[in-house]
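Q: Starting off with a structure, shown below.
The values are calculated or read from the model by the stated rules, or taken from the named source; none is laboratory data. As the structure is a computational prediction, the values presented were derived from the model and not from experiment. Cβ placement follows ideal geometry from the backbone for every residue including glycine, while neighbour counts extend to all protein chains displayed.
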Amino acid sequence: MQAHNLLGEPLWRPSAPKGFPDESAPWLNGLAQRLDIANLLARRVGEQVDPREVFEETLAPLASTETRQAIARAESRPQALALLFMAPEFQRR
Amino acid sequence: MSLHAPSRRELLLASGTLFAWAYLPKLARAEGRDPRFLVIVLRGALDGLAAVAPVGDPDWIALRGDKAITLDGKPPALPLDSFFALNAAMPNLHRMYKAGAATIVHAAATPYRERSHFDGQDVLESGLGKPGAVDTGWLNRALTALQPDGRARGGRDAFAVGPIAPLVVRGPAPVLSWTPRRLPPTSEDTLTRLLDLYRHTDPALSRALEERIGLATIARAGGMDEQQPRAPGAGQMRAYFAESAGTAAKFLARPEGPRVGALAFDGWDTHADEGVITGRLANLLGALDGALAAIETAMQDTWRETVVAVVTEFGRTARINGTEGTDHGTATVALLAGGALKGGRVVADWPGLKPGHLHEGRDLKPTTDLRAVLKGVLRDHLRVDEATLASKVFPDSAPVKPMAGLLQQA
């Protein structure tokens, strides 16, 4: 719930009657908060998963070579997972 | 002495500091000792030559050029013996070394010889000879080899909540996890990698992130010590390292507390703008130095029964690359600190730095198996027996003999 609020889309409380805007500008503004949450989440679960497997099961079909390399070359699993959450392919779906 | 009941805060689940305390080194206790052992894993591969430089090697300056730390550098490196010198960012470790409470092992490596961080960390922490699917670490398996502590039933077992722990302490022995109140912010390194990815793939995200980094840098600069300019975030990193390590030590120092713990620090993967003398690596080493000092302070009298082992998955290339950094290498340093050590020396079978002496022509050649160092500490400090070390703790490592003479108590 708190994460929803931080993400700028509080549950059940959209800021306009027509719901959350579909255009990308407001979502881009929340990039910083999403980065902090991605980082936090990655630190909590990143030790236990293999980011290469998560990548293959989620983003792989639509991921760019750059994203694939960034994840494979991360210095630790949590960092790889944070990069995966923040990858353009993940952010823009 | 009543049991300390950890508060909810102390038990928050996360990858902070981890202890296993249902098992205690009973054999060592029978000798009238009460040993403490803390393992610090540096994730990302520490440049051992930048931390502890072979200033007496005739090929040193030629290898690193103006990135070589030297005794007449600015600031000058801290002399250890006639051959090695410590990075100036680590005055506390130098003081411990001079007091006989620190030992540096150089040109050491795990058995891993490839260049993947994930696999290298798996080998370092699992204690196995090669990467593979494992869910237990050598430190946890070493604990289970010690006798279970009769006092540890009930309340303590209930603290066995740490499903998210560095691999090195994961395993059958229950672990307690504690998390600093402030988790470290997204590291500069993660931001740099993300920005690099966005620049190549998504200009709008790239612009948004650049704005964010700009703002963050300005916000931090406001609180910076003007006399000692540091990279953005260095102060936060120092505080985080010191709080994590100091708190771990406070737990270990308690009469009824755990005796073994582990924590991990990120950020050592210095491919670009390494900043050996001033900059990123110097800041990291300074933060690590502060963490060691925080441990010493928090341990108080129990410092004399303490060993801290600082280890990393592999080293970095001997030469500087085209982006003022170093790439994944092989041998590196292991740092030992603590009053229980027979310290004040650098242990190294120095391989030399001439091109023909480098591993694959590019890395410092490993001449000491890191497992020998760790086995030496586990045997002589915690009294884990040698057969168990060679089979369960570091499987199939019988040919790698425990390094003798690391501890005051042989």
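Q: Identify, from the list B:307, B:260, the residue that is modelled with pLDDT of 95 or more, among the β-branched types (Val, Ile, Thr) and surrounded by 17 or more Cβ atoms within 10 Å (Cβ to Cβ).
A: B:307
Q: Confirm whether residue B:170 is within 11 Å of chain A (Cβ to nearest Cβ), at pLDDT 65 or above and surrounded by fewer than 18 Cβ atoms within 10 Å (Cβ to Cβ).
A: Taking the combined requirement at face value, the residue does not satisfy it.
Q: On to the next question. List the pairs whose first member sits in segment B:261-280 and is within 30 Å of residue B:171 (Cβ to Cβ) and more than 13 Å from chain A (Cβ to nearest Cβ), whose second member is outside any loop (DSSP other than H, G, I, E, B) and of a type in the set (Phe, Trp, Tyr), and whose Cβ atoms are under 7 Å apart, counting only residues at least 6 apart or on separate chains?
A: Matching pairs, first to second residue: B:261/B:19; B:261/B:251.
Q: Let me confirm something: among B:289, B:327, B:273, B:349, which residue is more than 28 Å from residue A:74 (Cβ to Cβ) and not hydrophobic (A, V, I, L, M, F, W, C)?
A: Answer to the selection: B:349.
Q: Let me ask something else. Any residue that is under 16 Å from the mean Cα position of the chain (by Cα) and part of a loop (DSSP other than H, G, I, E, B) - is there at least one of those in segment B:128-140?
A: Yes; the residues of segment B:128-140 include at least one that is under 16 Å from the mean Cα position of the chain (by Cα) and part of a loop (DSSP other than H, G, I, E, B).
Q: Taking residue A:33, is it more than 7 Å from chain B (Cβ to nearest Cβ), modelled with pLDDT under 85 and surrounded by fewer than 16 Cβ atoms within 10 Å (Cβ to Cβ)?
A: Spelling it out, residue A:33 is indeed more than 7 Å from chain B (Cβ to nearest Cβ), modelled with pLDDT under 85 and surrounded by fewer than 16 Cβ atoms within 10 Å (Cβ to Cβ).
Q: Quick check on segment B:290-299. Is at least one of its residues within 14 Å of another protein chain (Cβ to nearest Cβ) and either out of contact with any helix residue (DSSP H, G or I) (no Cβ under 8 Å at 6 or more places or on another chain) or more than 25 Å from residue B:376 (Cβ to Cβ) (or both)?
A: There is no residue in segment B:290-299 that is within 14 Å of another protein chain (Cβ to nearest Cβ) and either out of contact with any helix residue (DSSP H, G or I) (no Cβ under 8 Å at 6 or more places or on another chain) or more than 25 Å from residue B:376 (Cβ to Cβ) (or both).
Q: If I ask for residues that are acidic (Asp, Glu), at pLDDT 75 or above and not assigned by TED's automatic domain parsing to the domain that holds residue B:293, which ones from segment B:204-257 would you list?
A: Within segment B:204-257, B:210, B:211 meet the criteria.
Q: Can you tell me how many residues in segment A:39-90 are within 8 Å of chain B (Cβ to nearest Cβ), farther than 25 Å from residue B:134 by Cβ and assigned to a helix (DSSP H, G or I)?
A: Selection size over segment A:39-90: 7.
Q: Taking the criterion of being modelled with pLDDT under 90, more than 15 Å from the chain's Cα centre (by Cα) and within 20 Å of residue B:288 (Cα to Cα), would at least one residue in segment B:19-38 satisfy it?
A: yes
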